[in-house]
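**Student:** Below is one structure. I have some questions about it.
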Protein chains: 2
Amino acid sequence: MFPHRADAAVRTAVVLLASLSQLPNANAEDTGSARRSAPAAAASCASCHGQSGEANAAAGFPRLKGLPAAYQIRQLDAFADGTRQSAVMAPLARSLGARDRTQLADYYAALGARARQSGNASNGGDDRLALRGRWSEEIPACVQCHGENGSGIGAAFPPLAAQPSAYLAAQLRAWQRGTRRGDPLAMMQRIASRLSDVDVRAVADYFAAIPAGVAGPTAPTAAPAVARAAEAPSHAAKRPESGAAAGQGAFVPADVPIPDDDFGKVVQLGRQIFDDPGRYARRYVGNDLRCTSCHLDEGRRVGSAPMWAAYVSYPAYRKKNGHVNTFAERLQGCFRYSMNGQAPPLGDAVLVALESYSYWMARGAPLDPNIAGRGYVKPPKPALPPDRARGAVVYAQKCALCHGKNGDGQGANDGSPGFPALWGADSYNWGAGMVNVTNAAAFIKSSMPLSLGGTLTDQEAWDVALFVNSHERPQDPRYTGSVAATQARFHDADDSLYGQRVDGYVLGSSSVSPGHRPRERASGSGGS
Amino acid sequence: MFPHRADAAVRTAVVLLASLSQLPNANAEDTGSARRSAPAAAASCASCHGQSGEANAAAGFPRLKGLPAAYQIRQLDAFADGTRQSAVMAPLARSLGARDRTQLADYYAALGARARQSGNASNGGDDRLALRGRWSEEIPACVQCHGENGSGIGAAFPPLAAQPSAYLAAQLRAWQRGTRRGDPLAMMQRIASRLSDVDVRAVADYFAAIPAGVAGPTAPTAAPAVARAAEAPSHAAKRPESGAAAGQGAFVPADVPIPDDDFGKVVQLGRQIFDDPGRYARRYVGNDLRCTSCHLDEGRRVGSAPMWAAYVSYPAYRKKNGHVNTFAERLQGCFRYSMNGQAPPLGDAVLVALESYSYWMARGAPLDPNIAGRGYVKPPKPALPPDRARGAVVYAQKCALCHGKNGDGQGANDGSPGFPALWGADSYNWGAGMVNVTNAAAFIKSSMPLSLGGTLTDQEAWDVALFVNSHERPQDPRYTGSVAATQARFHDADDSLYGQRVDGYVLGSSSVSPGHRPRERASGSGGS
């Protein structure tokens, strides 16, 4: 029935049998931290995956070294039950008992170097899909779920870095064909189905070229992303089609490289800050959120408050602070509230860079305070009043995978920020716009889960938005000394849960002090 | 040959003869400062112009009271020689000797109240032509030459305020028909020829409704200009045709009223600052220039660095200071250099208002650093190298009328700013962009003299630009302590005369101290 696969299986089996007697000695070969000796069952793996599980790039056999143990165990389970089809792996997996699987997984996981280092992420080719995605087709950047360096996030999103290109491409094709299944929310099946062969090769080459354990995105001075974009094939510089997610008749930013000139350098810095404010604007941020956590597609996406629409809408009067705000002041608000940090002073290089990046993205758009696509696309009010208990169920099913059971997010395996915290000390504070259930419901409905925007019902979106925002989070920086007074002055009781009693607890009454404590200072300031 | 006028002349003569015996007693009637008794010849005037020369509005006989003496004398001369045709005035003027003319002119001039007071300028109807002009047809605002309250500027630009509407309308028609001539540079003949009957009535009604001696434009809080604009007839709210001056294919700001809402109030404040920074942003300006001195048509006009084009061009890298400037920082530069003042701090209400005004004007324009119409329209380099001596001749013929023989400008008769100083202590300083001869030539060629843009030859524009900028002016605020070093660092010797020797004097070596001395503090700070 599957002649190609049968041939491959026979070939592989020959290799396997020929090398089955070789026992890997990880201690002698590996420079990682693992010091325990290989379990006996590893002999079955070494012939294809290498003696330290370092992969066989030529044959397309994947790296095992450094893969999270839980991920490895799940793969062995999947091979055994056929969710992941492989003529070679199926009998091997079935032959391994639960104890063997755990030992193997722990062994290979421990071999991986995970320390975050700085360096160039990749020189492996077109980085657009990997780093930016193609949101017009609901394809997020690969790095959004697999970490900024492909180091993987948690057990559900495996490392991609340093896997053989042939292996990565084969997996994407397996998702496309349905010979690999069992992915959470069927995300990879959906995403892979939207990829062309060229896309598959580009993504596979990109991550294959990242050394395992190397971390850190493009350096701020070298701006390699600019150079890479400038060298991108011409098909990649086309204006993307306006997909369903882009909204009807909405402006679409030109998809052209940032020029490498005096202005472009500042635009590029703005893009870097936007992608990773904790690295490029550290002194002003107080959590691990990124600008792109809410402003998806690097600030382009309709439905998640695109920056081009915001740029052409300011200066404008804001009820929030009762005066006309320039765009720069509006940016300050993001740092103060959403990033739970400190507003950069007007004229600060961080604000100038973000303003320049937003301007650059918006070039060609008309100045228009009512531009189509501004802000969020509000879903209709649901049939039933939003309900926390229903929201908790939605959260567990659709959100906890990435944001964690406790809403505290997940960092990538190399220590870089991964999925943002949705409540708690490391999330947006009570002054942020996302505190309003309407905004949260709008954002969730249109864009969550990643790659599945629009799949929740309106009711689900409202319910889970209420659930998320009914947890404690850092104090509103406008705190007046009294939760009740702060609520009365700054919060709309119909839309914000600040000051409301939930399970006997008054939200906002946490001991989290008002205002900002930057991450890098937080550890040292606890005692005073 | 002129039956209508002959009838009018007969009617007028009857009135004149019937009242010839009445002698005016100005001292008893007038509250002005004049205390000397009327010359005998004034009896001839009183019958039509009123006993104190206060006009006869019903008959359309103009106010003489307060008119500049030189202007009155020139009118009597014009009536006598037929340059200004009037069957009644011609024989009367011819009957008056030089001494009579001087006595009469001095007498009526002294009767006028000229103190600057605050108050609403007018409730006399559509103020668009009077206050804004119609630049698409090269019609400047009337107030640009006649003063912001129609109080007149110097001897060449007579007061219009409180003249009978019928008189003002008759004069505009006389300019149209050529029965009044002799105006400097034939400005009024040209401007009047571009007015419709509706325009004539609107302008005449507007100025007739301003009480003589009342000064001060629209109050900042009441914003009557907004209300008036909102009540303007619908034809006035149309988008103006893009005239020759508007440039080929350039954006044309929508001609709609500023809304009276929270944002509109700030926009309106920005417009007021733009029109009269010495009043609305006094602490930041150091001279009597207005933003509209260089940015004509309230910042709209192509050829004079329109604000809508600037707005959509920033943020941008500027060689002038070697970094990316936001629009707010660009505005700061205007205060520091062109206004010879102090930069308002970022976030200051003055900057926010000007940014809001510029944004409002630019609504609908695409963000585009290369938008058509940005900056100045540079004339081609002339056949001969620019020459100061030729420029001095052009200046005397075409510029001195308004800007004064010594380039120090002219205030209006009520004390409000009139024509800007082009050099000297009250002009832009050596750091301003207008110091560059190329910019000055471009501005002059396209827009000077007012209403006569484009009439100078390229050679004349370059020559006079060189002449203007070869005079001393306030020190460059970037002054390093040495003219030579400041020149080397900040001035392009091919375009700026700073540091160059002119008639044995090194420009920039004046004792004018670097930096800013605000007008309101200048008088008190001389001794310290």
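**Student:** Would you tally the residues in segment A:340-375 being in contact with a Ser or Thr (Cβ under 7 Å, 6 or more places away or on another chain) and assigned to a loop (DSSP other than H, G, I, E, B)?
**Tutor:** Residues meeting the conditions: 3.
**Student:** Going through B:299, B:341 one at a time, which residue ends up being crowded, with 22+ Cβ neighbours inside 10 Å and under 20 Å from the mean Cα position of the chain (by Cα)?
**Tutor:** On inspection, the qualifying residue turns out to be B:299.
**Student:** Going through A:341, A:404 one at a time, which residue ends up being within 29 Å of residue A:134 (Cα to Cα) and more than 14 Å from chain B (Cβ to nearest Cβ)?
**Tutor:** Values: A:341 fails: within 29 Å of residue A:134 (Cα to Cα).
Just a single option satisfies the conditions, and that option is A:404.
**Student:** For the condition within 13 Å of residue A:314 (Cβ to Cβ), surrounded by fewer than 24 Cβ atoms within 10 Å (Cβ to Cβ) and more than 10 Å from every other protein chain (Cβ to nearest Cβ), what is the one hit in A:336, A:388, A:330?
**Tutor:** None of the other options fit; the residue is A:330.
**Student:** Give the residues of segment B:57-75 that are outside any loop (DSSP other than H, G, I, E, B) and either buried (at least 21 other Cβ atoms within 10 Å of the Cβ) or touching a His at 6+ places or on another chain (Cβ under 7 Å) (or both), sorted by residue number.
**Tutor:** B:61, B:72, B:75
**Student:** How about segment B:116-194: which helices (runs of 4 or more DSSP H) wholly inside it have at least 2 residues that are modelled with pLDDT of 90 or more and over 17 Å from the mean Cα position of the chain (by Cα)?
**Tutor:** B:165-177, B:187-193
**Student:** Quick one: residue A:444 ticks every box in (1) free of Cβ contacts under 8 Å to residues at least 40 places away in the same chain; (2) surrounded by fewer than 24 Cβ atoms within 10 Å (Cβ to Cβ) except a single one, so which number is it?
**Tutor:** All conditions are met except number (2).
**Student:** Residue A:105 versus (1) at pLDDT below 90; (2) surrounded by fewer than 20 Cβ atoms within 10 Å (Cβ to Cβ); (3) on the phi < 0 side of the Ramachandran plot: which is the lone unmet condition?
**Tutor:** Evaluating residue A:105 over (1) at pLDDT below 90; (2) surrounded by fewer than 20 Cβ atoms within 10 Å (Cβ to Cβ); (3) on the phi < 0 side of the Ramachandran plot leaves (2) as the failure.
Yes/no matrix, rows are residues, columns are (1) without any contact (Cβ under 8 Å) to a residue 40 or more places away in the chain; (2) surrounded by fewer than 24 Cβ atoms within 10 Å (Cβ to Cβ); (3) closer than 26 Å to residue B:477 by Cα; (4) within 14 Å of chain A (Cβ to nearest Cβ):
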{"site": "B:353", "(1), (2), (3), (4)": "no, no, yes, yes"}
{"site": "B:361", "(1), (2), (3), (4)": "no, no, no, yes"}
{"site": "B:369", "(1), (2), (3), (4)": "no, yes, no, yes"}
{"site": "B:378", "(1), (2), (3), (4)": "no, yes, no, no"}
{"site": "B:392", "(1), (2), (3), (4)": "no, yes, no, no"}
{"site": "B:409", "(1), (2), (3), (4)": "no, yes, yes, no"}
{"site": "B:412", "(1), (2), (3), (4)": "no, no, no, no"}
{"site": "B:430", "(1), (2), (3), (4)": "no, no, yes, no"}
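The values are calculated or read from the model by the stated rules, or taken from the named source; none is laboratory data. What you are looking at is a predicted structure, and each value in this text was computed from that prediction instead of being measured. Heads up, the Cβs are rebuilt from the backbone with ideal geometry, glycines too, and the neighbour counts pull from every protein chain shown.
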